[in-house]
Amino acid sequence: MSKMNVTEIMDRNKEFLRELREESGQDPGQCFQCMKCTGGCPFQFTMDYPPSQIMRMLQDGLVDEVLKSFTVQTCATCATCTTRCPRNIDIAKLMDTLRVIAYHRGIVGKGKNMHVFHTTFMNSVKNHGRLYEVGLALGLNLGTGNLLQDTDLGLPMFLRGKLSILPHNIKGRDEIKKLYDYAKKIGE
Amino acid sequence: MKLAYYPGCGLNGSSKELDISFRAISGPLGIDVVEIPDWNCCGGSSAHSTSHFLSFALPARNVINAETTGCEEFTAPCPACYVRHFLAQRDLNENPEMKQHLENALGRKVDKSDMKIKNVIEVFMDKVDSSIVKKPLKGLKVVNYYGCALVKPPKTFGFFDDPENPQSLDKIMRTLGAEVIDWPYKTECCGASLCFTNQDATWKASRDILQMAKDAGAQAVVAACTMCQMNLDMRQSQINKKYKTNFNIPAIFFTQLIGLAMGISADKLGLDKLYVDPKPLLRSLNLL
């Protein structure tokens, strides 16, 4: 990170931080950097910024960096951080909210796999009412370019009767469509 | 007791053995399983990563459909589904703004919901006592693996167990006669759906869990969570390949073991659906 003017950045991102507090119900300003979240995070090793650093970046208004981070995308929502935070901040909920905001802003950052996965997953539910696993696997592998991912599991799953070749369509698909249309309408 | 049952996409496919064993033990334990009519996917981790409204509305539709069955209790055995339905019911009852949005979207009034939403351990916790045990799981050394979603974050859900050192599964397994080994990874995260998007990270997390189970002296891992079970069982072959290890540790659902101890035959419990075959181990202990 190069030189920055914190006062100016804070000013620019004040409104975003207010929205983040409102949507998540959590205030990153409460964090006093004890680093318990980072110490207990099972996926810290694969993140670009540890969770405690994300909290500090939010305090300093480094919104773009946070939204583009891999951390926000690869947080597994296990809530170990939330469980242990001495300031009672629901850090997992904050990560969740940040992920939704990044998705709505079309920020893919380093989370291409996640972006493809979530989009394919949600489309599958939109079309069928239930998840169509074969379709998800195909969409994921084509979208990410990892064409061979998990192809070793296809046959063992099929032999155990766990893979359905055709999708299962529920009767209330019109209701599901209404929910999706409404989500689009209200932008959430 | 009539129980509204939400299998979810997992139990319909990749975690079939949980569905099979759940149904097999429910009847004899006095639970009447009523599948929720025309249920839809709850949106899993994708809905709550992309849409605030859909992460509420998709499971809320299931809660509304479940209320039509007249059941007083509801369960979604997959912990991820459970969490979504629990939160959706809470919003339905306590968040008028979200309820209003849902009514606008569906174009009809919806009622509040007063079913008790239970997780999969909660359903069986009070039903398992020594009177149901016909074939004790004598000699079977297990570690109990709760994962995160069933116990974390605390105080959020209607189920109380310690988030760092839970006891409910341990108690069930002891009642069944198994030898419960204490270990530090009861609630360590396996990576859940990151297995699709960040495989290296999930393999490492699941490898660490399997290694800890092995070091602790366990012959099998007892699982309650579909995602944990899948990452440890279905992906064990991938982990062995990646790390040149030779794990051969069955990850068995606790419902399958309850069934076995109740004297229900193995073919009615979906044991053949597991990837790491538990039968040689169970046979060696005369449990099959």
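The values are calculated or read from the model by the stated rules, or taken from the named source; none is laboratory data. Computed from a predicted model, the values in this text were never measured in an experiment. Cβ coordinates were reconstructed from backbone atoms using ideal geometry, including for glycine residues, and neighbour counts include every protein chain displayed. Note: accessible area is taken over every heavy atom of the protein model, side chains too, but ligands, DNA and RNA are not part of it. Shrake-Rupley method; radii C 1.70, N 1.55, O 1.52, S 1.80 Å.
Any residue that is farther than 27 Å from B:Asn231 by Cβ, surrounded by 14 or more Cβ atoms within 10 Å (Cβ to Cβ) and in contact (Cβ under 8 Å) with a residue 12 or more places away in the chain - is there at least one of those in region A:101-110?
Yes, region A:101-110 contains at least one residue that is farther than 27 Å from B:Asn231 by Cβ, surrounded by 14 or more Cβ atoms within 10 Å (Cβ to Cβ) and in contact (Cβ under 8 Å) with a residue 12 or more places away in the chain.
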One residue from B:Leu169, B:Leu232, B:Leu260 being assigned to a helix (DSSP H, G or I) and over 17 Å from the mean Cα position of the chain (by Cα): B:Leu260
Residue match in region A:62-79 (condition: within 14 Å of chain B (Cβ to nearest Cβ), closer than 18 Å to B:His48 by Cβ, open to solvent by less than 20 Å² (accessible area, probe 1.4 Å) and free of Cβ contacts under 8 Å to residues at least 24 places away in the same chain): yes
Condition met for B:Gln238 (open to solvent by 10 Å² or more (accessible area, probe 1.4 Å) and part of a helix (DSSP H, G or I)): yes
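Yes/no matrix, rows are residues, columns are (1) out of contact with any Leu (no Cβ under 6 Å at 6 or more places or on another chain); (2) not assigned by TED's automatic domain parsing to the domain that holds B:Met262:
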residue	(1), (2)
B:Lys99	no, yes
B:Leu106	yes, yes
B:Asp114	yes, yes
B:Ile132	yes, no
B:Lys135	yes, no
B:Lys152	yes, no
B:Phe157	yes, no
B:Gln167	yes, no
Qualifying residue in region B:167-184 (condition: free of Cβ contacts under 8 Å to residues at least 12 places away in the same chain and crowded, with 24+ Cβ neighbours inside 10 Å): no
Close pairs from region A:30-41: first in the same structural domain as A:Ser52 (by TED's automatic domain parsing), partner open to solvent by 30 Å² or more (accessible area, probe 1.4 Å) and not in a loop (DSSP other than H, G, I, E, B), Cβ under 6 Å, at least 6 apart: A:Lys36/A:Arg84; A:Thr38/A:Gln44; A:Gly40/A:Arg84
Where B:Asn93 falls short, out of the listed (1) outside any helix (DSSP H, G or I); (2) open to solvent by 30 Å² or more (accessible area, probe 1.4 Å): (1)
Of the criteria (1) modelled with pLDDT under 95; (2) open to solvent by less than 40 Å² (accessible area, probe 1.4 Å); (3) polar (S, T, N, Q), which one A:Ser124 fails: (1)
Only listed residue being on the phi > 0 side of the Ramachandran plot and open to solvent by 30 Å² or more (accessible area, probe 1.4 Å), chosen from B:Asn286, B:Asn246: B:Asn286
Conditions (1) open to solvent by 20 Å² or more (accessible area, probe 1.4 Å); (2) over 18 Å from B:Met227 (Cα atoms): number failed by A:Gly129: (1)
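In this structure, does B:Asn104 turn out to be open to solvent by 40 Å² or more (accessible area, probe 1.4 Å), within 11 Å of chain A (Cβ to nearest Cβ) and more than 22 Å from the chain's Cα centre (by Cα)?
Answer is yes for this residue.
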Some residue of region B:197-213 being surrounded by 22 or more Cβ atoms within 10 Å (Cβ to Cβ) and touching a strand residue (DSSP E or B) at 6+ places or on another chain (Cβ under 6 Å): yes
Where B:Gly139 falls short, out of the listed (1) open to solvent by 10 Å² or more (accessible area, probe 1.4 Å); (2) part of a helix (DSSP H, G or I): (2)
Pairs where the first residue, in region B:81-104, is of a type in the set (A, V, I, L, M) and the second is open to solvent by 50 Å² or more (accessible area, probe 1.4 Å), C-beta under 7 Å, 6+ apart: B:Leu92/B:Lys112
Candidates B:Trp183, B:Trp203, filtered to the one that is part of a loop (DSSP other than H, G, I, E, B), more than 18 Å from the chain's Cα centre (by Cα) and in the same structural domain as B:Met234 (by TED's automatic domain parsing): B:Trp183
Total residues in region A:136-188, condition open to solvent by 40 Å² or more (accessible area, probe 1.4 Å), at the interface with chain B (Cβ under 7 Å from one of its Cβ atoms) and closer than 22 Å to B:Ser55 by Cβ: 3
Residue match in region A:165-172 (condition: more than 30 Å from B:Met98 (Cβ to Cβ) and under 20 Å from the mean Cα position of the chain (by Cα)): no
Count of region B:189-200 residues which are in contact (Cβ under 8 Å) with a residue 40 or more places away in the chain and part of a loop (DSSP other than H, G, I, E, B): 5
